[in-house]
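Written out below as structure tokens is the structure these notes cover.
The values are calculated or read from the model by the stated rules, or taken from the named source; none is laboratory data. Computed from a prediction, not measured in an experiment: that's the story for all the values here. Please note: Cβ atoms are built from the backbone with ideal geometry, for glycine as well, and neighbour counts cover all protein chains shown. SASA here: full protein model, heavy atoms, side chains in, ligands and nucleic acids out. Shrake-Rupley method; radii C 1.70, N 1.55, O 1.52, S 1.80 Å.
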Amino acid sequence: RYTARGNEYEADLATMIQTNLQNGGERQLRAKPAAGLDAETVTSLFSSIDVNNDGVISRKELSQVLRKCDADRWSNEAIDRLFAAADADGNRKITPPEFIKWLFVDGEDQQAFCEALGVPRV
């Protein structure tokens, strides 16, 4: 469970993401050094989707954000596919470690996701 108290939540999330990147995630970061995805960017992305600040991303939160960006591109099927791929343990919640692991995979959905949220990616 993650702390969700305004700035405290942001600090905890940033620390958790930085730690995850350092403990195994750095291989992914080194593999994409020009991707524009550092700990601060990943934290910002996660926070922008985690609307209720509970430390996880629900399918509803993901859907709301992506549809606001591009309703035509993000059909229910596309969102379901993206959510299922990112929710590695199948508990219907995307945790920061799951988000990081999914985000650093080269794939069409990851590219479209970054484009929709305005994050440059190589």
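So is ASP72 on the phi < 0 side of the Ramachandran plot, modelled with pLDDT under 90 and in a helix (DSSP H, G or I) or not?
No; evaluated as a whole, the condition is false for this residue.
If you filter the stretch 98-122 down to residues that are part of a helix (DSSP H, G or I) and among the small types (Gly, Ala, Ser), you find that the one that is farthest from GLU61 (Cα to Cα) is ALA112.
Within the stretch 79-97, identify whether any single residue is part of a helix (DSSP H, G or I), more than 18 Å from GLN110 (Cβ to Cβ) and not β-branched (Val, Ile, Thr), and answer yes or no. I'd like the intermediate steps shown before the answer.
First pass over the stretch 79-97, keeping only residues part of a helix (DSSP H, G or I): 79-86, 96-97.
Narrowing the set further to residues that are more than 18 Å from GLN110 (Cβ to Cβ) leaves none.
No, the conditions are met nowhere in the stretch 79-97.
Among the conditions (1) modelled with pLDDT of 90 or more; (2) open to solvent by 20 Å² or more (accessible area, probe 1.4 Å); (3) part of a helix (DSSP H, G or I), the only one that ASN52 does not satisfy is (3). Pairing residues of the stretch 73-100 that are surrounded by 16 or more Cβ atoms within 10 Å (Cβ to Cβ) with residues that are among the hydroxyl-bearing types (Ser, Thr, Tyr) and assigned to a helix (DSSP H, G or I), at Cβ distances under 9 Å and at least 6 apart in sequence or on separate chains, gives TRP74/SER63; ILE79/SER63; PHE83/SER63; PRO96/THR43.
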